[in-house]
Amino acid sequence: MFKEATTFPFDRSKLNIRYDVERLQTEVEQAIKHWPDYVYYSVIPLTMAGKRNDTITDYSNPNWATWEDTPLLKKCPYIQEVLDSLDCKKTNVRLLRLEAGGIVQEHTDPQLNIDLDNQVRLHIPVFVSRSVDFLLNGTKIPLKAGELWYMRLSDPHSVHNHGQTERVQLSIDVVVNDWIRNLIAQGALEI
C-alpha cells in the first residue's frame, strides 16, 4: 500500500516563509465568527473534494478527486494569497480549531510523509500561545503565528491546548514536488 519511508532524515522543518500575522488573524476571525459554535474540536473546510476519479480507490492519492475552493475561501483573499505563494498543488485546506483545554490524542497519519512522494501537510499557526503543545515524537514544536511548518505526521503526534483561548491553525495538504522538498530540506537544516 505505502512504500517504505526512510530517506528523508527530518521529522520537522520550519520553512523559510512567513506570513502577515495580523492579516491572517483578522481574516480568520471574520471567517469563523459566523461559523457555528463547537465543542472540543472543529474543522472548517476551505477546499472540498469535487469530481471523483473512480479509477483511484486510495484516498491518500491526491488525484482521487478534483479540489475546489469553498465559498468561505472565496471570501478570504489573504488566505488565497498564502495558498498562491506555495509553488505546488494544494488539495485539502482547512482551519483547525481546538478549544481551550482541548486535546488531540496522540495518533499517526501514515500517508503524510514526504518520503512517500505523495502528499504532506503544511501548518500555519494563526492563533497559538505558549500554552499550546504540539508534540511530534514526544518533542514540543515551538510553533508561532504566521510561521510555515512541515511535520512528518506519519510519526506520533498530539496537540494539548492548556491555554484559555482556542488554538486555530491553517492546515494545507500539498502534493510533493521538487520545490516543496527543497523548501523542507532548507528549513530543517536551520532549526
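The values are calculated or read from the model by the stated rules, or taken from the named source; none is laboratory data. If you're wondering where the values come from, they're calculated on a predicted model, not measured in any experiment. Positions of Cβ are generated from backbone atoms using ideal geometry, with glycine treated the same way; all protein chains shown enter the neighbour counts. Quick note on the areas: whole protein, heavy atoms, side chains included, nothing else; ligands and nucleic acids left out. Shrake-Rupley method; radii C 1.70, N 1.55, O 1.52, S 1.80 Å.
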* **Where a residue in segment 68-91 is of a type in the set (Phe, Trp, Tyr) and its partner, wherever it lies, is part of a helix (DSSP H, G or I), with Cβ under 7 Å and at least six apart** => Tyr78/Arg23; Tyr78/Leu24; Tyr78/Glu27
* List, please: which pairs have Cβ atoms under 9 Å, are six or more places apart or on different chains, and start with a residue in segment 50-61 that is farther than 12 Å from Gln119 by Cα and end with one that is outside any loop (DSSP other than H, G, I, E, B) and open to solvent by less than 50 Å² (accessible area, probe 1.4 Å)? -> Gly50/Ala65; Lys51/Ala65; Arg52/Ala65; Asn53/Ala65; Ile56/Ala65
* Structure fact -> Note on segment 12-32: residues among the acidic types (Asp, Glu) and surrounded by fewer than 19 Cβ atoms within 10 Å (Cβ to Cβ) are Asp20, Glu22, Glu29
* Could you check, for segment 144-154, whether at least one of its residues is hydroxyl-bearing (Ser, Thr, Tyr) and open to solvent by less than 10 Å² (accessible area, probe 1.4 Å)? => yes
* Looking only at segment 145-178, which residues are closer than 21 Å to Asp37 by Cβ and among the aliphatic types (A, V, I, L, M)? -> Val159, Val168, Leu170
* Restricted to segment 33-56, and to residues that are aliphatic (A, V, I, L, M) and either exposed (fewer than 13 other Cβ atoms within 10 Å of the Cβ) or over 22 Å from the mean Cα position of the chain (by Cα) (or both), which residue is modelled with the highest pLDDT? -> Val43
* **Residues of segment 147-180 that turn out to be more than 16 Å from the chain's Cα centre (by Cα) and either outside any helix (DSSP H, G or I) or touching a residue at least 40 places away in the same chain (Cβ under 8 Å) (or both), as a count** => 9
* Asked: Residue check: is Val126 of a type outside the set (Gly, Ala, Ser), closer than 16 Å to Arg18 by Cα and either out of contact with any Gly (no Cβ under 9 Å at 6 or more places or on another chain) or in contact (Cβ under 8 Å) with a residue 24 or more places away in the chain (or both)?
  -> yes
* Got a sec? Which helices (runs of 4 or more DSSP H) wholly within segment 1-109 have at least 3 residues that are charged (D, E, K, R)? -> 21-32
* To do: Please state which of the following conditions Lys144 fails to meet, knowing it meets all the rest: (1) at pLDDT 95 or above; (2) closer than 30 Å to Asn63 by Cβ; (3) in a loop (DSSP other than H, G, I, E, B).
  => (2)
* **Hits in segment 62-76 - residues which are within 18 Å of Val168 (Cβ to Cβ) and either open to solvent by 90 Å² or more (accessible area, probe 1.4 Å) or at pLDDT below 90 (or both)** => Lys75
* Yes/no for Leu24 being touching a helix residue (DSSP H, G or I) at 6+ places or on another chain (Cβ under 7 Å), free of Cβ contacts under 8 Å to residues at least 40 places away in the same chain and under 26 Å from His157 (Cβ atoms) -> no
* Asked: Can we say Asp133 is touching a strand residue (DSSP E or B) at 6+ places or on another chain (Cβ under 9 Å), at pLDDT 95 or above, surrounded by fewer than 20 Cβ atoms within 10 Å (Cβ to Cβ) and among the charged types (D, E, K, R)?
  -> yes
* Asked: modelled with pLDDT under 90, within 20 Å of the chain's Cα centre (by Cα), over 18 Å from Val128 (Cα atoms) and open to solvent by 60 Å² or more (accessible area, probe 1.4 Å), is that true of Tyr59?
  -> yes
